[in-house]
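The values are calculated or read from the model by the stated rules, or taken from the named source; none is laboratory data. The shown structure was predicted, so the numbers you read here are calculated from the model rather than taken from an experiment. All Cβ positions, glycine included, derive from the backbone under ideal geometry; neighbour counts span all protein chains shown.
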Amino acid sequence: MSEQQAITRLILLRHGQSVWNKDKHFTGWSDVTLSPKGEQEAERTGRLLKEAGYTFDICFTSELQRATDTLKIVLATMGLEGIPIRQDWRLNERHYGALEGLRRWQAVRQFGIWPVLGTQVCFAAAPPSLELSDARFPGNQARYAGIDKSLLPLAESIEQTVQRVLPLWQQTILPEIQQGKRVLIVSHKNLLRALMMQLANLSQRQVMKLSIATAQPLCFELDNKLNLVRYYYVHREKG
């Protein structure tokens with residue numbers, strides 16, 4: 001029993017399928033909605049977590065609708081609408097710079113193969129950068145008006161995405177886990193890669209190979225020193 005009590009479970013969840021996931025756009029910080037399939041995925045995840053006996057004390061999510069809507073659907077399905085939710089721009093997806101909004105073939109035609117492919121395979125490779133005047137730059141968007149523009153990205157590598165989220169992880173999320181709170185984080189593929197790098201002590205190469213399915217909850221079991229014991233996808237029990 002004492003061993004069980006020493007284990008803390010953290011759930012990481014990528015949002016459900018978005019309309020741009022479906023059409024294979026570079027999405028990043030572009031604020032697109034869930035597809036009907038994505039809404040169904042979120043509801044299914046809520047049922048799965050509830051049936052598996054999970055509950056939460058606090059949730060973290062990004063500023064982007066596809067993540068916040070996924071979280072709302074999950075919590076409503078679980079009957080947990082009243083628990084605290086903290087939104088933070090540092091949990092937003094990696095910013096794809098000038099690639100945002102483009103389909104892959106459009107991006108290759110406009111910028112060439114390596115500026116596009118390199119961002120997918122190299123930890124430190126950033127996509128082509130936006131101009132400061134571009135409407136896609138978060139510094140030109142009202143929801144980020146209270147944030148120092150120098151902190152907001154014109155484009156990001158995975159390495160820069162890790163650096164962006166680390167202060168939030170270390171100063172805000174980890175203290176909640178240390179207090180024994182049951183935490184759910186609903187975010188985005190590359191941001192969750194960045195968190196998994198910290199949790200599982202992954203190398204840059206391992207991070208780039210990570211595949212994270214939409215709306216499939218990942219459970220991280222941590223000991224009382226917050227060292228990783230194991231992690232796994234939560235699945236419905238058979239039988």
Legend entry - The listed residue being crowded, with 22+ Cβ neighbours inside 10 Å and at pLDDT below 95, out of 119, 70: 119
Inset, instruction - Answer with yes or no whether residue 182 is at pLDDT 95 or above, closer than 28 Å to residue 17 by Cβ and either among the β-branched types (Val, Ile, Thr) or within 13 Å of the chain's Cα centre (by Cα) (or both). - result: no
Inset, instruction - Search segment 208-225 for residues being of a type in the set (A, V, I, L, M) and within 14 Å of the chain's Cα centre (by Cα), and hand back the single one that is surrounded by the fewest Cβ atoms within 10 Å (Cβ to Cβ). - result: 213
Legend entry - Which listed residue, of 132, 191, 168, 151, is farther than 20 Å from residue 233 by Cα and touching an Asp or Glu at 6+ places or on another chain (Cβ under 8 Å): 168
Inset, instruction - Give 38, 46, 28 a once-over and let me know the one that is at pLDDT 95 or above and part of a loop (DSSP other than H, G, I, E, B). - result: 28
Legend entry - Residue check for residue 8: among the hydroxyl-bearing types (Ser, Thr, Tyr), within 15 Å of the chain's Cα centre (by Cα) and either within 30 Å of residue 131 (Cβ to Cβ) or surrounded by 15 or more Cβ atoms within 10 Å (Cβ to Cβ) (or both): no
Inset, instruction - Would you check if there is a residue in segment 140-151 being at pLDDT below 95 and surrounded by 13 or more Cβ atoms within 10 Å (Cβ to Cβ)? - result: no
Inset, instruction - Being farther than 19 Å from residue 141 by Cα, touching a Ser or Thr at 6+ places or on another chain (Cβ under 8 Å) and part of a helix (DSSP H, G or I) is the filter here, so list the residues in segment 78-109 that pass it. - result: 78
Inset, instruction - Can you give me the number of residues within segment 156-171 that are among the aliphatic types (A, V, I, L, M) and surrounded by fewer than 21 Cβ atoms within 10 Å (Cβ to Cβ)? - result: 2
Inset, instruction - Only helices (runs of 4 or more DSSP H) wholly contained in segment 129-213 count here; list those with 2 or more residues that are under 29 Å from residue 73 (Cα atoms) and not β-branched (Val, Ile, Thr). - result: 158-168, 174-178, 189-200
Legend entry - Where residue 79 falls short, out of the listed (1) surrounded by 13 or more Cβ atoms within 10 Å (Cβ to Cβ); (2) on the phi > 0 side of the Ramachandran plot; (3) free of Cβ contacts under 8 Å to residues at least 40 places away in the same chain: (1)
